[in-house]
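Asker: Dropping a structure here in structure tokens format, bear with me for questions.
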Amino acid sequence: MIRRIIYGKSALKNDLIGYLFFKNNKKQNLPLILILATIHGDEVEGLWLLDHFEIPWRVKFPYSNVNVLVIPQANPDGVALKQRTNGNKVDLNRNLPTLDWSAEKFNDRYPPGPFAGSEPENKALMELIDLYKPKGILTLHSFKDPQINANGDDDTGVMDLANYLFEVSPYKKITRGDEMGYPTPGCLGTYAGYERKIPTITYELRRGDHVDNILESIPVVERFIEFFNNKF
Ligand SMILES: [Zn+2]
């Protein structure tokens with residue numbers, strides 16, 4: 001079953017929409033897994049991947065022990081404008097109020113915004129995380145160097161999760177936190193994974209790849225949910 005949730009508005013007043021999937025009406029309050037895509041609006045590969053699940057899960061959601069909240073467009077302005085940033089031209093994944101946040105731009109591609117947590121998309125996401133307290137977060141991006149990026153200290157279990165995904169992922173590379181090769185202050189991995197102890201995987205699909213190849217990561221999404229479904 002599915003319930004559509006509007007959890008806020010973007011900088012350009014587009015609705016921020018989530019889809020809550022659950023098995024049946026008795027199971028609306030199970031532990032929640034959060035899956036999001038297009039925090040960077042031009043990284044549409046994640047949208048293609050999530051599209052695959054919408055209709056089957058609407059008909060029959062296969063998990064009994066967890067619910068899944070899917071946010072296909074975490075940055076709807078960016079998706080509409082085919083750009084990385086939101087309607088205020090801020091990189092949402094450099095704008096969350098993390099301890100390492102900095103107003104300094106590392107380069108022009110990553111404008112962090114006037115202050116930490118300034119953007120409406122991020123305020124809404126932070127409220128959503130406070131409200132739903134997800135047990136795990138999968139955030140889909142795309143990058144020329146595809147990889148499974150694990151965010152969280154060892155005690156969050158995030159490396160067990162990353163290794164579990166690695167077995168089925170077409171991308172045979174696991175990195176942690178900033179090991180991607182450049183600093184990412186104010187990102188969701190740091191905000192949720194390291195600072196709130198929610199095991200968070202930033203899954204980097206191969207940028208610009210054909211949709212058929214992107215869909216090879218379907219089992220990664222399934223495994224992500226199974227990991228928690230087996231636990232609760
Ligand atoms: Zn990205």
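Asker: Within the bounds of the stretch 18-27, is there any residue that is among the small types (Gly, Ala, Ser) and in contact with a Gly (Cβ under 8 Å, 6 or more places away or on another chain)?
Answerer: The answer is no; no qualifying residue exists.
Asker: Surrounded by fewer than 16 Cβ atoms within 10 Å (Cβ to Cβ) and over 23 Å from Tyr110 (Cα atoms): is that true of Lys231 in this structure?
Answerer: yes
Asker: Looking only at the stretch 46-64, decide whether some residue is touching a helix residue (DSSP H, G or I) at 6+ places or on another chain (Cβ under 7 Å) and either part of a strand (DSSP E or B) or modelled with pLDDT under 95 (or both).
Answerer: No - not one qualifying residue is present in the stretch 46-64.
Asker: Cβ-Cβ under 6 Å, sequence separation 6+ or interchain: first residue in the stretch 206-232 and under 16 Å from Glu45 (Cβ atoms) and in contact (Cβ under 8 Å) with a residue 24 or more places away in the chain, partner surrounded by 14 or more Cβ atoms within 10 Å (Cβ to Cβ) and hydroxyl-bearing (Ser, Thr, Tyr). Which pairs?
Answerer: Arg207/Ser142; Val220/Ser169
Asker: Which ranges mark the strands (runs of 3 or more DSSP E) fully within the stretch 130-189 that have 3 or more residues being within 14 Å of the ligand (Cβ to nearest atom) and buried (at least 18 other Cβ atoms within 10 Å of the Cβ)?
Answerer: Counting at least 3 such residues, we get 136-143, 147-151.
Asker: Another one. Given the structure, is Ile6 modelled with pLDDT of 95 or more and either surrounded by 20 or more Cβ atoms within 10 Å (Cβ to Cβ) or touching a helix residue (DSSP H, G or I) at 6+ places or on another chain (Cβ under 8 Å) (or both)? It would help to see each step written out before you state the result.
Answerer: Numbers: modelled with pLDDT of 95 or more: yes; either surrounded by 20 or more Cβ atoms within 10 Å (Cβ to Cβ) or touching a helix residue (DSSP H, G or I) at 6+ places or on another chain (Cβ under 8 Å) (or both): no.
No.
Asker: Name the residues in the stretch 65-85 that are assigned to a loop (DSSP other than H, G, I, E, B) and of a type outside the set (S, T, N, Q), would you?
Answerer: First, the residues of the stretch 65-85 that are assigned to a loop (DSSP other than H, G, I, E, B): 65-66, 72-75, 82-85.
Across the stretch 65-85, the qualifying residues are Val66, Pro72, Ala74, Lys82, Arg84.
Asker: Given the residues Leu96, Leu36, Leu69, which is the only one that is of a type outside the set (S, T, N, Q) and more than 16 Å from the ligand (Cβ to nearest atom)?
Answerer: Just a single option satisfies the conditions, and that option is Leu69.
Asker: Something else: Starting from residues that are small (Gly, Ala, Ser) and at pLDDT 95 or above, keep the ones in the stretch 142-180 and report whichever is nearest to Trp48 (Cα to Cα).
Answerer: Only one residue tops the list, namely Ser142.
Asker: Take Leu96 and decide whether it is touching a Cys at 6+ places or on another chain (Cβ under 7 Å) and of a type outside the set (Val, Ile, Thr).
Answerer: yes
Asker: Working only within the stretch 190-213, note down all residues that are of a type in the set (A, V, I, L, M, F, W, C), within 16 Å of the chain's Cα centre (by Cα) and either at positive phi or part of a helix (DSSP H, G or I) (or both).
Answerer: Across the stretch 190-213, the qualifying residue is only Ala192.
Asker: Also, I was wondering about something else. Give the residues of the stretch 92-112 that are assigned to a loop (DSSP other than H, G, I, E, B), surrounded by 16 or more Cβ atoms within 10 Å (Cβ to Cβ) and free of Cβ contacts under 8 Å to residues at least 60 places away in the same chain, sorted by residue number.
Answerer: Matches in the stretch 92-112: Tyr110, Pro111.
Asker: Now for a different question. Looking at Lys82, Lys60, Lys13, can you tell me which residue is loosely packed, with under 14 Cβ neighbours inside 10 Å, over 14 Å from the mean Cα position of the chain (by Cα) and within 16 Å of the ligand (Cβ to nearest atom)?
Answerer: Numbers: Lys60 fails: within 16 Å of the ligand (Cβ to nearest atom); Lys13 fails: within 16 Å of the ligand (Cβ to nearest atom).
After ruling out the rest, the residue left standing is Lys82.
Asker: If a residue has to be closer than 22 Å to Ile137 by Cβ, within 16 Å of the ligand (Cβ to nearest atom) and not polar (S, T, N, Q) to count, how many in the stretch 196-217 make the cut?
Answerer: Looking only at that region, the number is 7.
The values are calculated or read from the model by the stated rules, or taken from the named source; none is laboratory data. Values in this document were obtained by computation on a predicted structure and should not be read as measured data. Cβ sites come from the backbone with ideal geometry, for glycine too, and all protein chains shown count toward neighbours.
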